[in-house]
Amino acid sequence: MEALAKYCIFCGEQPEEKTKEHVLPHWLIALTGDPKRKAFFGISMSNGNSSTQREFSFDAFTFPACSKCNHDYSDLEKNTKQTFEKMFNHEKVSPHDLSLLLDWFDKVRTGLWLGFNQLNQNVANIKPKFHITTRLGQYDRALFVAKADPAKNKLLTMGISPFVFEFNPSAFTLAVNGFYFTNISYNFLFSKEIGFPYPRKSWVQPYEVYESTTNINIGPGKNKVARPFLQFPVGLNCLEFYQPMFKGGLFDRIAKEYDCEYVRQNSLDFEKGVGAIFRRVGTKIIRCLNNEEVEIVPHESYQDQTLYYKAAINTLKWQNYLFSIRADESLLTKEQQEFRDQIFSTVIQSNRVYMKKLDQEFNELKNSKRK
């Protein structure tokens, strides 16, 4: 296992004028209770003792950051706080608000991944290829909003401890008081279904060291929304929001494929590679107009304990689904293929074990209420 030096979680470099970044921001911590209250932050895996739970106060959950990098995200935090306040007041929000909210979830999800990578002293032996700044807004993303009633003050993260999140930090859930937000971001997650350019083929390039490179061959989109929209069930009664992204940076894009009337018409900011916000209305996926006011509070609600288990299990299912999406590996050696098969199998199975445990707890809870 290769220990990683402390780095700025925004840019990945040695921090300049070092500050501390609250991955779960201080305003959110204060919104959900006493900032100094203690919470569990996963299991300490760095000392080889898997039974040790990590516990400290929320306001101590910080990681290194450059002063400038930290300051650069202050506007995003301000805008996100305002969106949460609108939500708690049952006010509608704009597509621009939702786009910034999805930026914020990219920031938090990536920050949690990088933060736990440091806390666990890189137990999975993964050297991050991206950090918050290089990952934010890169891939297609979705947000599923579910509601618990009655609401209880809480701030919980789900799906950030399993090994699958270490290897593929693409799905997690954040519970904030009475709202549960399942956030998913993955390359070309629904590009084909939303009518945007999408890969015709992807393959893993042969490599001599552990780090591999995936190549993609992108073709033009179909210029219409397909049905069914997702290849995997959402899993919750919730509001669904989707945003295709084509910024480029982690994958090379073929600009000419995106420079078409359909993509331009279905973008919030075409020049920056920011797609429009889409939402589910009944069985249809429709685009939110740029000047539209969008409802973000679900009408239907769950009992809180029920939603806790449903959201947790659903997050693990999404993680396994995304992790099982694999590019063509036929160019690799037999040893490389077998090694990757073992990694994929072990990681997915660990999530299945965790899901089974949660499912048993949930069934016991339901049975106890019937007595």
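The values are calculated or read from the model by the stated rules, or taken from the named source; none is laboratory data. Keep in mind it's a predicted model, so treat the numbers as computed, not measured. Glycine gets a Cβ as well: all are built from the backbone with ideal geometry, and neighbour counts include every protein chain shown. Side chains are part of the model used for accessible areas, which takes the heavy atoms of the whole protein and leaves out ligands, DNA and RNA. Shrake-Rupley method; radii C 1.70, N 1.55, O 1.52, S 1.80 Å.
Observations on the model:
- Residue satisfying all of: in the stretch 344-367; among the aliphatic types (A, V, I, L, M) and under 20 Å from ALA311 (Cβ atoms); least open to solvent (accessible area, probe 1.4 Å) among these: LEU358
- Selected residue (only one of PRO199, PRO244 is at pLDDT 95 or above, farther than 17 Å from THR283 by Cβ and out of contact with any Leu (no Cβ under 7 Å at 6 or more places or on another chain)): PRO244
- For the stretch 317-371, the candidate set comprises residues that are within 21 Å of the chain's Cα centre (by Cα) and among the charged types (D, E, K, R); within that set, the residue that is nearest to SER202 (Cα to Cα) is ARG326.
- Residue match in the stretch 175-193 (condition: open to solvent by 60 Å² or more (accessible area, probe 1.4 Å) and modelled with pLDDT of 90 or more): yes
- For the stretch 289-307, a tally of residues being surrounded by fewer than 22 Cβ atoms within 10 Å (Cβ to Cβ) and assigned to a helix (DSSP H, G or I) returns 3.
- Candidates ASN47, ASN89, ASN79, ASN70 - the one that is more than 23 Å from TYR186 (Cβ to Cβ) and modelled with pLDDT under 85: ASN47
- Residue pairs whose Cβ atoms lie under 8 Å apart, sitting 6 or more positions apart in sequence or on different chains, and linking a residue in the stretch 335-357 that is farther than 14 Å from SER324 by Cα to a partner that is among the hydrophobic types (A, V, I, L, M, F, W, C) and in a helix (DSSP H, G or I), are TYR354/LEU316; MET355/ILE313; MET355/LEU316.
- Yes/no for VAL108 being more than 29 Å from HIS299 (Cβ to Cβ), within 15 Å of the chain's Cα centre (by Cα) and crowded, with 18+ Cβ neighbours inside 10 Å: no
- Every residue from the stretch 257-282 that is in contact with a Ser or Thr (Cβ under 9 Å, 6 or more places away or on another chain) and assigned to a strand (DSSP E or B): LEU268, ASP269, VAL274, GLY275
- TYR321 being open to solvent by 30 Å² or more (accessible area, probe 1.4 Å), under 24 Å from LEU189 (Cα atoms), among the aromatic types (Phe, Trp, Tyr) and assigned to a helix (DSSP H, G or I): yes
- So ALA171, is it surrounded by 22 or more Cβ atoms within 10 Å (Cβ to Cβ), under 18 Å from LEU236 (Cβ atoms) and of a type in the set (A, V, I, L, M): yes
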